[in-house]
Amino acid sequence: MNDKERKTAVHLRAMEPEDLELLYQIENNPDVWKVGLTNVPYSRYVLRDYIARATGDIYTDRQVRLIIENDEQQSVGIIDLVNFEPQHHRAEVGIVIRESFRHQGLGAEALEQLKQYARDIVHLHQLFAYVDMENEKSLQLFQKAGFERSAILKDWLFDGHDYHPVSFLQLFF
């Protein structure tokens, strides 16, 4: 079986205290800031407290953050449901794959597992994502997973120098 035929396996799991450094690296990466809505560094203290306080219950926390592991049990990224609205049965999706693990199909498989969780366990009606129009790989990831562009939001993200439009993507179950 060649590499293209091999199914890439990932597992989604709850955060553990041992994930502090992974969370610290991702949350404090300016490259991630420019494609997201956060642009401040987080201390290890704040992140440790966040991990300790997270219940893992989307109804209590209004979000759930999961660690993406590969077959070798390496933490390759984070995927989450945030801005959970139980009344309207929707949540926003966020995903970050560590650079050294990109282009291996891990993000696509993690997104498929998150979709199944959102549909079958949380009983959501829709997922949505905001993706910088320049982030072609992320746009491809979400569109391949069945998300459809429903709007373009002009000048939505500011990277410190320029404003960037985003695609507002939705997936309905």
Once the cut-off is 28 Å, how many percent of the Cα-Cα pairs in the chain end up in the long-distance tail?
22
So residue 71 and residue 25, fully extended at 0.36 nm per residue minus their Cα-Cα distance, gain in nm 14.4 nm
Counting Lys and Arg as +1 and Asp and Glu as -1, each charge on the Cβ, what is the dipole of the stretch 20-148 about the Cα centre in debye, to the nearest 20?
220
Which of the aspartates and glutamates could be linked to residue 144 by a straight reach, that is with a Cα gap under 13 Å, when you skip same-chain ones fewer than 8 residues away?
109, 112, 136
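Report D for the stretch 95-173 in µm² per second (integer): Stokes-Einstein, Kirkwood Rh on Cα pairs, 10 °C, 1.306 mPa s. If you can, show how the numbers build up before the last one.
Working: Rh = 13.5 Å.
Stokes-Einstein gives a translational diffusion coefficient of 117 µm²/s.
Using 1/(1 + (r/R0)^6) with R0 = 25 angstrom and r between the beta carbons of residue 150 and residue 18, what's the FRET efficiency to the nearest 0.05? Provide the component values of the computation, followed by the final result.
Working: r = 38 Å, r/R0 = 1.54.
With a Förster radius of 25 Å, E is 0.05.
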Distance (nanometres) between label positions extended 7 Å along Cα→Cβ at residue 61 and residue 104
2.4
Separation in nanometres of the label points that stand 7 Å from Cα toward Cβ, at residue 88 and residue 40:
2.5
Note down the accessible area of residue 142, probe 1.4 Å, to the nearest 10 Å².
10
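The values are calculated or read from the model by the stated rules, or taken from the named source; none is laboratory data. Every value quoted in this text rests on a predicted model; they were computed, and no experiment measured them. All Cβ positions, glycine included, derive from the backbone under ideal geometry; neighbour counts span all protein chains shown. Just the protein is used for accessible areas: all its heavy atoms, side chains included, with ligands, DNA and RNA removed. Shrake-Rupley method; radii C 1.70, N 1.55, O 1.52, S 1.80 Å.
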